[in-house]
Amino acid sequence: MFGYRVPAPDEAMLISGGRRGLGGAPFRVVTGHGKFVLPVFRKVRFLTLSMCESEVTETCVTRQGIALHVRAVIAFKVGNDHESIINAGQRFLSDQDQMSVLTGRIFAGHLRAIIGSMTVEEIVTERQKLAAEVLDTSKTEMAKIGLIVDSLQIQSIDDGDTGYIDAMSAPHKAAIQRQAQIAQAQATQTAAEAQQEAARKQAEYARQTAVVKAEYSAEVDRAQAQAAQAGPLAQAHAQQEVLAAQTELALRQAKLRQQQLVAEVVKPAEAEAERVRILAAAEAQRMKIQAEAAASYDRVALDRMLIDQLPQIVKEAAGGLAGANVNVLNGADGLGEIAAGLVSQGLTILDSVRQNLGSQEPDGARSSGARSENKGDGLLQLRSGKQKKSDDGPVDVD
């Protein structure tokens with residue numbers, strides 16, 4: 001639109017002519033918005049508000065009298081407030097490049113003054129302190145011309161050919177070199193140890209690999225040997241099973257044969273032996289019964305014979321007394337006693353014969369002989385009694 005002017009975001013529009021600006025300034029300041037400006041009657045100029053840079057290279061003498069070449073960079077701009085814009089516009093509006101030149105000169109002066117109050121060691125080791133002091137001392141002057149400093153950087157400090165900074169840094173360099181050497185030696189030792197450890201691990205791995213390979217090879221050999229022996233082993237096991245089956249069959253056949261022998265030979269033999277034993281026992285019992293019967297018969301026959309012969313024996317005994325000289329003292333009683341004694345003697349002989357027959361075996365022939373002998377003995381005893389009676393002489397009977 002005709003007569004309407006708008007400043008850029010990093011610019012301040014200065015309108016001169018007409019009414020005065022704030023604080024009696026010869027122009028009005030417009031920032032951030034546009035404004036109608038009457039042509040011919042008003043004049044518009046623009047002041048930059050962007051960041052500017054100024055480089056300072058200055059030779060400064062320290063408190064120790066050592067010259068140092070200092071290089072610094074200053075970043076500055078026009079302040080955003082109206083007062084700063086007015087101050088900067090009145091000084092630099094016609095030639096805005098002069099802001100960098102003037103700023104460099106201001107900072108060069110303050111830099112020389114501050115470095116002159118410091119030692120080389122302080123300057124080298126405390127650059128930030130140096131920059132802060134320069135900013136503090138220049139802040140008032142920069143505000144008067146409407147500028148503010150954003151940063152100050154000391155880029156380099158050089159003592160030229162004096163070698164002071166090098167000499168000052170020599171112990172540190174030596175220490176650093178020593179530390180570097182120690183670090184290098186440690187690094188070398190660590191590397192050597194790492195290499196040794198790697199070699200050891202490789203050797204261990206190679207050993208384990210060889211062991212595993214040997215185990216695999218042995219396992220393969222065993223498997224092959226087992227595979228090669230599988231056929232003969234299977235045949236041997238089969239033969240062993242066949243022999244075991246044959247042995248079991250032979251044992252069963254032997255047991256069956258033994259049972260057959262027991263059933264065919266032993267049992268019949270035992271039965272025959274039992275039969276023979278029973279027959280022999282029966283025969284013995286029969287013979288015993290017969291012998292006892294025969295003995296009983298013989299005793300009965302003998303008793304009968306003795307009984308039949310007893311009168312004859314008594315008669316013979318009495319006949320033996322016929323020629324004897326017997327004196328009977330008591331008459332008929334004495335004679336009766338003699339007769340009774342003869343009868344008693346005959347009965348005693350009969351009992352002796354019976355006892356002898358009872359103690360003999362039940363043999364018919366032996367029993368007959370014994371009976372004959374006993375019979376004869378009885379007769380002999382009777383005869384001897386008669387003889388004794390006759391030899392004793394007269395028997396006196398009281």
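The values are calculated or read from the model by the stated rules, or taken from the named source; none is laboratory data. Please read these numbers as outputs of a predicted model, since none were measured by experiment. These area figures cover heavy atoms from the full protein model, side chains too; ligands, DNA and RNA do not enter into them. Shrake-Rupley method; radii C 1.70, N 1.55, O 1.52, S 1.80 Å.
Of note:
- Value of Rg to Rh for region 250-302, rounded to two decimals, is 1.53; Kirkwood radius and Rg both from alpha-carbon coordinates.
- The slack between Ala273 and Arg5, meaning 0.36 nm per residue of separation minus the straight C-alpha distance, is 80.3 nm.
- Region 202-257 and region 48-112 have Cα centres separated by 102 Å.
- Rg and Dmax [Cα atoms of region 1-97; Å; Rg one decimal, Dmax integer]: 18.8, 66
- Solvent-accessible surface (1.4 Å probe) assigned to Met51 amounts to roughly 100 Å².
- Region 20-171: C-alpha pair distances exceeding 28 Å, %: 35
- Based on Cα contacts under 8 Å between residues 6+ apart, region 102-208 shows a relative contact order of 20 percent.
- Geometric extent, Cα atoms of region 93-221 - Rg, Dmax (angstrom): 31.8, 104
- P(r) of region 155-295 over all Cα-Cα pairs, binned every 10 Å from zero, in whole percent: 8, 10, 9, 9, 8, 8, 7, 7, 6, 6, 5, 5, 4, 3, 3, 2, 1, 0
- For Lys129, solvent-accessible area (1.4 Å; no DNA, RNA or ligand), Å²: 100
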